[in-house]
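Chemist: A single structure is presented below for examination.
The values are calculated or read from the model by the stated rules, or taken from the named source; none is laboratory data. Worth saying up front: this structure is predicted, and the values here are computed from it rather than measured. As a convention, Cβ positions derive from the backbone with ideal geometry for all residues, glycine included, and neighbour counts pool all protein chains shown. Note: areas computed on protein heavy atoms with side chains; ligands, DNA, RNA excluded. Shrake-Rupley method; radii C 1.70, N 1.55, O 1.52, S 1.80 Å.
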Amino acid sequence: MEANEHEHVIEVTGLRRVYGGGFEAVRGIDFSVRRGEVFALLGTNGAGKTSTVELLEGLAAPAGGRVRVLGHDPYTERAAVRPRTGVMLQEGGFPSELTVAETARMWAGCVSGARPEREVLALVGLEPKSGVRVKQLSGGQRRRLDLALALLGEPEVLFLDEPTTGLDAEGRRDTWELVGALRDGGTTVLLTTHYLEEAENLADRLAIMHEGRIAATGTPAEVTASEPSRITFELPEGYFVGDLPPLAALGVSDHTVDGRTVRLRTRELQRAATGLLMWAQGAGVELRRLDVRSASLEEAFLGIAKDASAGTTTPKEYAA
């Protein structure tokens, strides 16, 4: 066991994955995951998320770099890592003729110290479907079964690859609550997701991947703060942008005008909004359709991906 296992249960340094033909899906990435936190890997299709997770799960050997899970190499020391981890793949591929309970029972036979199958089925809301054959389940119910089987061994580290794909809104919220409860109980969770709202709700920290590299890491709030906030309003009749207070003095970085609609971008939202409202009050005018909002994770995600594609940004790490 390595000394830093107690702090970081996953460590990735210079990790690379190359497929046949020389395609480099993962291009030398670095990140770590602390014990008892939820860490999300985000990225567009083909960014390298699943390729990375498969290396962490020990399903393939890296082409370069180093990965440690619970202090061990998950590929060469699989026997030391696998009993302590749970894995939820994008597609489970279970025998379609078995019932839900039979599938859980079969899987439990391959897991050391498995908890009762009825218990895990209840955790994911599938206990009423125990006698139903897998082929009769909906796509969302199959995802719940995937999650149930990943939890059979009460894992210390849980890998979730797109865990809520195919779930309805209620199922997604239930899964979020379950992941939060697991984290509160000390389980370390690494997940990939296309749902940015999911990352905002669940992740303590996240990394945004683009074309096999990590473009940014940090807490959701830190990554979101990398993009400016926005203020939108309609100019009062008879007024023009030049009648507003000097925008630079308000901390506005840039602005656009479309007819009478003005859009301001700023990294000092309170200062800009306060100055604008004080001006309107002093002028005795109303700023109609006023919309003041911080940047969203979606805007940060799209901005980082756009900059990375254009080659105008370097990887950003917002947290130690």
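Chemist: Please work out the Cα center distance from segment 89-149 to segment 265-305, rounded to the nearest Å.
Modeler: Their Cα centres are 49 Å away from one another.
Chemist: What 222 nm value per residue comes from the helices of the chain, counting each DSSP H run with n ≥ 4 as -39,500 (n - 2.57) and dividing by all residues, nearest 500 deg cm²/dmol?
Modeler: Rounded to the nearest 500, it is -9000 deg cm²/dmol.
Chemist: For segment 285-300, what does the Karplus curve 6.51 cos²θ - 1.76 cosθ + 1.60, with θ = phi - 60°, yield as ³J(HN,Hα) per residue in whole Hz, taken in order and with x for Gly and Pro?
Modeler: Values, residue by residue: 10, 10, 8, 6, 6, 5, 9, 10, 8, 6, 5, 9, 4, 4, 5, 5 Hz.
Chemist: Which residue, S229, S112, S296, tops the fluctuation ranking in a GNM of the chain built on C-alpha contacts under 10 Å?
Modeler: S112
Chemist: Quick query: amide H of A216 versus all other amide H atoms, modeled in the peptide plane; which residues come in under 5 Å with a sequence gap of 5 or more or a different chain?
Modeler: I208, K316
Chemist: Place a +1 charge on the Cβ of each Lys and Arg in segment 164-320 and a -1 charge on the Cβ of each Asp and Glu, then give the dipole magnitude about the Cα centre in debye, rounded to the nearest 20.
Modeler: Using Cβ point charges on Lys, Arg, Asp and Glu, segment 164-320 gives about 420 debye.
Chemist: How far is helix 269-283 tilted off the main Cα axis of the chain, in degrees rounded to 10, range 0 to 90?
Modeler: In the chain, helix 269-283 runs at an angle near 30 degrees to the longest axis.
Chemist: Here's a follow-up. For Kirkwood radius over Cα pairs in Å, one of (i) 22.0; (ii) 20.9; (iii) 19.8 was computed from the structure I shared and the rest are decoys. Which label?
Modeler: (i)
Chemist: Compute the relative contact order of the chain as a whole-number percentage, counting only Cα pairs closer than 8 Å that sit 6 or more residues apart in sequence.
Modeler: It rounds to 18 percent for the chain.
Chemist: Work from the charge dipole of segment 1-60 (Cβ charges, +1 for Lys and Arg, -1 for Asp and Glu, about the Cα centre) and give the residue of V26, T13, A40 farthest towards its positive end.
Modeler: V26
Chemist: List the GluC sites (Glu not before Pro) within segment 75-155 that fall in a DSSP loop (any state other than H, G, I, E or B) and whose Cβ has at most 16 other Cβ atoms within 10 Å.
Modeler: Those that pass, being in a loop and sparsely packed, are E77, E91, E97.
Chemist: What is the set of long-range amide H partners of V38 at a cut-off below 5 Å, with H atoms built 1.01 Å from backbone N?
Modeler: Sorted by chain and number, the residues that satisfy this are V189, D204, R205.
Chemist: Let me ask something else about it. Starting at the first residue of segment 251-259, write each ³J(HN,Hα) from the Karplus equation 6.51 cos²θ - 1.76 cosθ + 1.60 with θ = phi - 60°, in whole Hz, x for Gly and Pro.
Modeler: x, 7, 8, 7, 8, 9, 10, 10, x
Chemist: Further question: Whole number in Å², please: accessible area per residue of segment 12-107, 1.4 Å probe, ligands, DNA and RNA not counted.
Modeler: On a per-residue basis, segment 12-107 sits at 43 Å².
Chemist: Pick from L55, L277, L160: which residue has the top mean-square fluctuation in a GNM of the chain where Cα pairs under 10 Å get a spring?
Modeler: Looking only at L55, L277, L160, the largest GNM fluctuation is found for L277.
Chemist: Residue-wise, which Karplus ³J(HN,Hα) couplings in Hz belong to segment 66-75, taking 6.51 cos²θ - 1.76 cosθ + 1.60, θ = phi - 60°, and x for glycine or proline?
Modeler: So the Karplus estimates, Gly and Pro as x, are 9, 9, 10, 10, 6, x, 10, 6, x, 8 Hz.
Chemist: Carbon-plus-sulfur fraction of the accessible area of the chain, 1.4 Å probe, in percent?
Modeler: After summing per-atom areas, the C and S share lands at 49 percent.
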